[in-house]
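The values are calculated or read from the model by the stated rules, or taken from the named source; none is laboratory data. Predicted model, so just to flag it, every value in this text is computed and none were measured. All Cβ positions, even for glycine, are placed from backbone atoms using ideal geometry, and neighbour counts span all protein chains on display. Ligands, DNA and RNA are stripped out before the accessible areas are found, and what is left, the full protein with its side chains, is counted by its heavy atoms. Shrake-Rupley method; radii C 1.70, N 1.55, O 1.52, S 1.80 Å.
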Amino acid sequence: MTQTALPWAEKLSDPLAHDVATVLQRMGGSAHQDIVINCVAALKRQRGESVTHDLKMKIIEVFERYRDLFVRPFGEGSLRWALAPDVA
């Protein structure tokens, strides 16, 4: 899949946010927060990058920082995240 095929790819200069969006895209558009964290960690390991103990916190910050891209389809308090409908 090329970046041009992903409508959100051009909006993201943050590599971690790009990884989160990629994981959600590959998971059909939504997934539980813990699944996203595990999959992003796996992507980083595959690329030979280090996975630090604060990765979970950083991913949660990405979800919150990019609320125009990531939404909670089951409402606030839910741990399920999705790509916003207009970018999925």
Taking Lys and Arg as +1 and Asp and Glu as -1, residues besides Q33 with C-beta under 10 Å from its C-beta add up to +2
Over the chain, calculate the relative contact order: mean separation of alpha carbon pairs under 8 Å at least 6 apart, over the residue count, as a percent. 33
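Compute the accessible area per residue over the chain, keeping the other protein chains in place, probe 1.4 Å, unit Å². It would help to have the intermediate numbers written out before the result.
Working: 5220 Å² over 88 residues.
Accessible area per residue, the chain: 59 Å².
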Not counting ligands, DNA or RNA, and with a 1.4 Å probe, what is R45's accessible surface area in Å² rounded to the nearest 10? 150
Please list the non-local residues whose amide H lies under 5 Å from the amide H of F70, H modeled 1.01 Å from N, same-chain partners needing a gap of 5 or more. A84
Where is the GNM fluctuation largest for the chain (alpha-carbon springs, 10 angstrom cutoff): V40, V62, V51? V51
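Tell me the carbon and sulfur percent of the accessible area for the chain, rounded to whole percent, probe radius 1.4 Å. Numbers along the way, then the final one.
Numbers: 2790 of 5220 Å².
Heavy-atom surface of the chain belonging to carbon and sulfur, 1.4 Å probe: 53 percent.
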Out of L24, P73, V51, whose Cα points farthest toward the positive end of the dipole of the chain (charges: +1 Lys, Arg; -1 Asp, Glu; placed on Cβ)? V51
A student applying the Cα gyration tensor rule (rounded when a/c is under 1.5; otherwise prolate if a/b is larger than b/c, oblate if not) would label the chain oblate
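Given +1 on the Cβ of Lys and Arg, -1 on the Cβ of Asp and Glu, and no further charges, what dipole in debye does the stretch 9-88 carry about its Cα centre, rounded to the nearest 20? Please list the in-between numbers first.
Details: 11 positive and 11 negative charges, 47 e Å.
Charge dipole of the stretch 9-88: 220 debye, to the nearest 20.
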